[in-house]
1. Return the loop-located GluC sites (Glu not before Pro) in the stretch 16-116 (DSSP other than H, G, I, E, B) with at most 15 other Cβ atoms within 10 Å of their own Cβ; answer none if there are none.
2. Tell me the Rg and the Dmax, in Å, that the Cα atoms of the stretch 184-279 produce.
3. Over the chain, one equal point on each Cα, no solvent: what is log10 I(q)/I(0) by the Debye formula at q = 0.07, 0.11 Å⁻¹?
4. May I ask for the net charge around His254, where only other residues with Cβ less than 15 Å from the Cβ of His254 are counted and Lys, Arg are +1 while Asp, Glu are -1?
5. Quick one: Karplus J couplings for the stretch 170-179, per residue in order, coefficients 6.51, -1.76, 1.60, θ = phi - 60°, nearest Hz, x for Gly and Pro?
6. Starting from the 7 Å offset along Cα-to-Cβ, what nm value, one decimal, do you get for the label separation of Arg57 and Leu13?
7. Which lysines, if any, have their Cα less than 29 Å from the Cα of Lys43, not counting same-chain residues under 8 positions apart?
8. Efficiency by 1/(1 + (r/R0)^6): what FRET value for Asp101 and Ser33, r their Cβ-Cβ distance, R0 = 41 Å, to the nearest 0.05?
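Just so you know, all these numbers are worked out from the coordinates, no wet-lab data involved. Just so it is clear, the model here is predicted, and its values are computed rather than measured. Because the Cβ atoms are built from the backbone with ideal geometry, glycine has one as well, and the counts that use them run over all protein chains shown.
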Amino acid sequence: QGQVSFVSNEKYLRHLETTEASLVVVHLSLDVSAFSERISFIKVSDPYTAFVFLLKRFSAPREIARSGIAASAVIGSGVTLGEGVSIGEYVVIGDCCVIGDGVVIGAHSSLLRNVTIGSGSVLFPSVICYDGTLIGQRVTIHSGSVIGADGFGFAPQSDGSYIKIPQMGIVEIGDDAEIGANATIDRATMGSTVIGKGVKIDNLVQIAHNCHIGDHTVIAAQAGVSGSVTLGRQCMIGGQAGFAGHLELGDRTHVAAQAGISKSFLQPGQSIRGYPAQPMREQLRQEALIRGIGTMKQRIDALEAALRSLLEG
């Protein structure tokens, strides 16, 4: 008792019979009168979002780094530090970096030269930002992530060897983005790899050089996005999805988990799945046919047997 929960869908109402929560946030349309003697309810138009605000209200703040600059931190020359920054133990900040007001940088993180971090952003311990990285305001980057490493660019030679293509660009991360743990975002060969405003990237995601991830797109764990891919705004990418290079997805495209995307899907609002990925309805139709192959073979075998019997008289 004393806990808070939420119900956003009628199919979960049955759980109210067994819940020990004292307060439940529910949708305006739900009839919960049968439970009102035992449970207090708050009715809102969006229970999920309301529950998020409740969690924020009652959650204890994390101490990622103490206020001020740790004695063991190394600050390069020409660095601009905003007001109220917190820089943890053994952080290394390269020359000419710009750190905005209220930025928090966890222990053992490293910023190479000319990195800019907007106000209110948080880097958890052991984040690496290569030179020239531009990070917007209120961005969160979790531990182990590497921003701005060289893109995977090598030119094949006549003798079968490869020479490295210099990666001269940078990474730009928009305001209010969040990058999960151990994610990697490569710098552009030229120009910028762009992570748009409000983008949410899960753990263990690879974003290759020169990609452009549209505003408010979400990418689940272990997805891999090859070089020069453009994802539209508000796309949803499932876990372990893989993209071939130089493709484009329209706005609000939904990609199912483990899909293999080998061509562009420009029409906004599509749902795609499978390998090679195709529109959801077509893929489901093909999967249904495949599941019926065993029965189909039995029918064909029976027809062949009947035909042989007729031919043999």
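1. On the way: sites: Glu17, Glu20, Glu37, Glu63, Glu83, Glu89; in loops: Glu20, Glu37, Glu63, Glu83, Glu89.
Here the sparse-neighbourhood loop sites are Glu20, Glu37, Glu63, Glu83, Glu89.
2. For the stretch 184-279, the Cα-based Rg and Dmax read 11.6, 33 Å.
3. Normalising to I(0) and taking log10 leaves -0.43, -0.85.
4. So the environment of His254 carries a net charge of +3.
5. Once θ is set to phi - 60°, the couplings for the stretch 170-179 become 9, 10, 10, 10, x, 4, 6, 7, 9, 10 Hz.
6. It is 2.5 nm.
7. Excluding near neighbours in sequence, the set is Lys11, Lys56, Lys200.
8. On the way: r = 50 Å, r/R0 = 1.21.
It comes to 0.25.
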